[in-house]
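Colleague: Mind looking over this structure? Questions follow.
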Amino acid sequence: MNELDALVESAAQGFAQATTPADLENAKALYLGKSGRITELMKGLAALPVEEKKTRGAVINQAKQAIEAALNARRQALADAELEAQLKAEALDVSLPGRSLGQGGLHPVSLTLERIEGIFGSMGFDVAQGPEIESDWFNFTALNTPEDHPARSMHDTFYVEGGTQTAPNLLRTHTSPMQIRHAVQHVQRYKALLDAGEPMPEIRVIAPGRTYRVDSDATHSPMFHQCEGLWIGTNVSFKDLKVVFTDFCRTFFESDDLVLRFRPSFFPFTEPSAEIDIQFPSGPLAGRWLEVAGSGQVHPNVVRNMGLDPEKYIGFAFGMGPDRLTMLRYGVNDLRLFFDGDVRFLSQFQ
Ligand code: DAH
């Protein structure tokens, strides 16, 4: 091996031993730097005669190119290794399960309210919403329940300071005040017709929402839901109540064999009044009467408070408990579970 081949060989070995770019640059300086071996050889050419300078120069140049090639190859190898190490360190495991945002869903009672609205909507009922902080007048007095009426004692509620007959002063104990609120608005809208003695379009509405009472056990929560229903016209009878409510219950529970019972009862705002019980033809609750609503023919005093003549206008009302309907539909026996906010329980209804 001649002197130059040996030089190329030792440069290649030096480069191979360099494990970092800095090491490699130091090794390069030994051969190609200002006083490196190749540079020194080039300088030595100056002293040679022209012909020899040419041939010797070409050979040195070849060696220089070989050294540069080895240097570049090693540079590339070190860069590749570095990239490789970096990729390894920052590796993404694309087989890991993704982080989902988690899908929300409606509360079981909201699902029931949607169902109720859908069914009554298909029977031509509007949906009305009203205030939860209500006045004594709408919650009691206008519903034929004057102050000191014994029926008020079953509706103990949360009162706020102040309040007048019409200014809000309590948390509503039922959705029945919406009968008055909605009817008064309706009457206002059709005032011109009424004044002219023309028939007014019927009032047909449900009013779902939150209600409050001082009550708490497995089947009562201080906050609970009700859904009011009201149908007022010139010829709306108790028979219509039976048809509408029976149809509703059978659709809601998806059972044509569901049996209903209208049990005589008392409410100040209806006369006659009935509590509505249902009985499932099969399943774990079969054979038991389960109360689901209060109802009746709207009392003439209430019709009057709506701004209508009870001699001309007549109809029925009902108030049911969507929480109870939800418990019956899903077989839940503790109402409080719905309002504890435990997602493990609530997500079962999606
Ligand atoms: N508001 C009554 C209650 O909470 C339920 C009720 C009974 C509503 C009869 C009505 C009705 O509309 O006609 O106990």
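The values are calculated or read from the model by the stated rules, or taken from the named source; none is laboratory data. Note that the coordinates shown come from a computational prediction; the quantities given were computed from them, not determined experimentally. Every residue, glycine among them, receives a Cβ derived from its backbone with ideal geometry; neighbour counts consider all protein chains shown. Just so you know, the surface numbers come from the protein's heavy atoms only, side chains and all, with ligands and any DNA or RNA stripped out. Shrake-Rupley method; radii C 1.70, N 1.55, O 1.52, S 1.80 Å.
Colleague: So how tilted is helix 177-189 from the main axis of the chain? Cα-based, degrees 0 to 90, rounded to 10.
Modeller: Taking the Cα atoms of the chain, the angle to 177-189 is about 80 degrees.
Colleague: Something else about it: Would you mind checking the radius of gyration and Dmax of segment 3-89 based on alpha-carbon positions, in Å?
Modeller: Using the Cα atoms of segment 3-89, the pair Rg, Dmax is 15.6, 58 Å.
Colleague: Could you provide, to the nearest whole Å², the per residue accessible area of the chain with probe 1.4 Å?
Modeller: Accessible area per residue: 56 Å².
Colleague: Residue by residue, what Karplus-based ³J(HN,Hα) values in Hz, rounded to whole numbers, does segment 212-223 have, using 6.51, -1.76 and 1.60 with θ = phi - 60° and x for Gly and Pro?
Modeller: With the stated coefficients, segment 212-223 comes to 9, 8, 7, 7, 7, 7, 4, 10, 10, 10, x, 10 Hz.
Colleague: Quick one: 3J(HN,Hα) in Hz for segment 41-52, Karplus 6.51/-1.76/1.60 with θ = phi - 60°, rounded, Gly and Pro as x.
Modeller: Karplus values, whole Hz, x for Gly and Pro: 4, 4, 4, x, 4, 3, 7, 8, x, 3, 4, 5.
Colleague: Please compute the length gained on full extension between residue 160 and residue 110, using 0.36 nm multiplied by the number of residues separating them and subtracting their Cα-Cα distance.
Modeller: Additional length available on full extension: 15.2 nm.
Colleague: OK, next. Which ³J(HN,Hα) values, rounded to whole Hz and listed in residue order, are derived for segment 336-342 from phi using the Karplus coefficients 6.51, -1.76 and 1.60 in 6.51 cos²θ - 1.76 cosθ + 1.60 with θ = phi - 60°, glycine and proline given as x?
Modeller: The phi angles translate into 4, 4, 5, 10, 6, x, 8 Hz.
Colleague: Suppose only helical runs count, i.e. DSSP H with n ≥ 4. What mean residue ellipticity at 222 nm does that imply for the chain under -39500 (n - 2.57) per run, divided by all residues and rounded to the nearest 500 deg cm²/dmol?
Modeller: It comes out at -13000 deg cm²/dmol, rounded to the nearest 500.
Colleague: Assuming R0 = 56 Å, can you tell me the calculated FRET efficiency for the pair residue 93 and residue 311, based on Cβ-Cβ distance, to the nearest 0.05?
Modeller: It comes out at approximately 0.10.
Colleague: I've got another one for you. Mind pulling up the Rg/Rh value for the chain? Radius of gyration and Kirkwood radius, both on Cα.
Modeller: 1.65
Colleague: Can you tell me which lysines have their Cα less than 21 Å from the Cα of residue 312? Leave out same-chain residues fewer than eight positions away.
Modeller: 191, 239
Colleague: Can you give me the P(r) profile for segment 190-329? Cα pairs, bins 10 angstrom wide beginning at 0, each as a whole percent.
Modeller: Answer for segment 190-329: a P(r) of 11, 37, 33, 15, 4, 0 percent.
Colleague: Any idea what the relative contact order of segment 108-349 is, in percent, if you count C-alpha pairs under 8 Å spaced at least 6 apart?
Modeller: Computed value for segment 108-349: 21 percent relative contact order.
Colleague: First select every other residue whose beta carbon is under 11 angstrom from the beta carbon of residue 34; then total the charges, Lys and Arg +1, Asp and Glu -1.
Modeller: Charge balance in the 11 Å sphere: 0.
Colleague: Roll a 1.4 angstrom probe over the protein heavy atoms and tell me the percent of accessible area of the chain that is carbon or sulfur.
Modeller: The nonpolar share, carbon plus sulfur, comes to 53 percent.
Colleague: How many Lys pairs in segment 3-89 lie less than 16 angstrom apart by Cα atoms, where the lysines are 8 or more positions apart or on different chains?
Modeller: Lysine pair count for segment 3-89: 8.
Colleague: What's the center-to-center distance, using Cα atoms, between segment 13-28 and segment 269-284 in Å?
Modeller: Each part's Cα centre sits 93 Å from the other's.
Colleague: Only Lys, Arg, Asp and Glu count, each charged at its Cβ (+1, +1, -1, -1), so figure out the dipole size of the chain about its Cα centre, rounded to 20 debye.
Modeller: Value, rounded to 20: 900 debye.
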